[in-house]
Amino acid sequence: MMARTEPDQGGNRQAGRRKANPLASGIVRLKVRLQFTGWLQYVPNAAVAMAFLVLAALGWVTGLWPIAIFWVPAGIGCALLTVLAFDLTTVKLGLRPTEAIPRPRKDLGAFDLMRPRRSCRSFQARNLTDEQHAVLMDSVRRNSRAEARIGNRPIRFEYVAAPLTVWPVVGAHEFLVAIAPREYHRMAIIDVGRSLQRVVLDATRQGLATCWIGPGADHASIVGNLGDRFDPEDDHIVCVCAVGYRSRFQPTFIRLMQKIQRRRLPLTALFFADAKFRESLSVDGPRSRHSTT
């Protein structure tokens, strides 16, 4: 409680906070700069590699380690630097072989599409084919019209063909921008989620990769590319969804993040057959072959 804090202690604590704030603010600014310039994905790999190399150098200089032990951190550090060089060449610079377009999954139902679908963190440089772009935009129109919504607030999805500033996705250059009215309304946000989920499943059925991006998107970049399609007085950007073809090449740090975070509840824990959420819906029977409605 503030009443129990001695004046000198409170003054010292406030002074400590004032001293710490510039450092914390500087770290945050650096992190955001690295994040939105596309370098943050490579920093952890470089930092760990340099730590191992410094450790090996200290052992060599001080002579505290036998030669056999010296080579272990030195080898790990060099291996990590080699991986970093490969990531920078293939992902950052885009010097990599042409990859094939994934096959469509038109024979799969909604639940069968949900199981293999994963957020994509690295996209190929190629654009969508004219046919797949047409199918995607048809899905956007169908799922954003009034009949598909449960609320009465208008929502829309604007297509942007530009490399928006986003994190942690790399290589994405085609996006759907989800826009709701500027005045907050809960049902509008729910409608964005419901509609975009259907669009994502339709895209997955076409063999396309997708990634929902919320806080990792730079709104200034989005607004700049939308131009007169965005009115700051009336519109609010909810999120963006990257769309394209999945690439096998992605930063090692992002790959590691995906493996750590790839834990999903079973579909039976998400879908229920009764209003009290007690009876799990069968997701393996004939109904799983149907499209979402």
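Values in this text are rule-based calculations from the coordinates and carry no lab data. The structure displayed is predicted, hence computed values, not measured ones. Methodologically, a virtual Cβ is constructed for each residue, glycine included, from the backbone with ideal geometry; neighbour enumeration extends over all protein chains shown.
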Item to check | Debye, to nearest 20: dipole size of the stretch 194-292, +1 on Lys, Arg Cβ, -1 on Asp, Glu Cβ | outcome: 940
Next on the checklist: Are there any trypsin sites (Lys or Arg not before Pro) in the stretch 67-172 that are in a DSSP loop and have at most 10 other Cβ atoms within 10 Å? List them by number.
Outcome noted: 106
Next on the checklist: With unit charges on the beta carbons (Lys and Arg positive, Asp and Glu negative) and the dipole taken about the Cα centre of the stretch 161-278, which residue among 253, 224, 163 sits farthest to the positive side?
Outcome noted: 253
Checklist entry - Given charges of +1 on the Cβ of Lys and Arg and -1 on the Cβ of Asp and Glu, with all other atoms neutral, how large is the dipole of the chain about its Cα centre, in debye to the nearest 20? => result 780
Checklist entry - Between residue 183 and residue 141, what FRET efficiency follows from the Cβ-Cβ distance if R0 is 30 Å, with the result rounded to 0.05? => result 0.80
Checklist outcome for this item: Counting only DSSP loop positions in the stretch 29-77, the chymotrypsin sites (Phe, Trp or Tyr not before Pro) whose Cβ has at most 15 other Cβ atoms within 10 Å are 39
Checklist entry - If you stretched the chain out fully between residue 51 and residue 265, how much longer would it get, using 0.36 nm times the residue separation minus the C-alpha to C-alpha distance? => result 73.4 nm
Checklist entry - At a Förster distance of 45 Å, what's the computed FRET efficiency of residue 39 paired with residue 106, Cβ-Cβ distance as r, to 0.05? => result 0.70
Checklist outcome for this item: Computed over the chain: longest principal axis from alpha-carbon atoms vs helix 67-87 long axis, angle to nearest 10 degrees, is 30
Checklist entry - For the chain, what is the mean residue ellipticity at 222 nm derived from helices alone (per DSSP H run of n ≥ 4: -39500 (n - 2.57); sum divided by total residues; nearest 500 deg cm²/dmol)? => result -14500 deg cm²/dmol
Item to check | At 1.306 mPa s and 10 °C, Stokes diffusion of the stretch 136-291 via Kirkwood alpha-carbon radius, µm² per second | outcome: 91
Next on the checklist: Quick check: Cα centre of the stretch 175-251 to Cα centre of the stretch 34-85, how many Å?
Outcome noted: 38
Next on the checklist: Could you work out the pair-distance distribution P(r) of the stretch 14-92 from its alpha-carbon pairs, with 5 angstrom bin width and percents rounded to whole numbers?
Outcome noted: 3, 14, 16, 14, 13, 12, 12, 10, 5, 1, 0
Checklist entry - Under the Kirkwood approximation applied to all pairs of distinct alpha-carbon atoms, what is the hydrodynamic radius of the chain in Å? => result 22.8
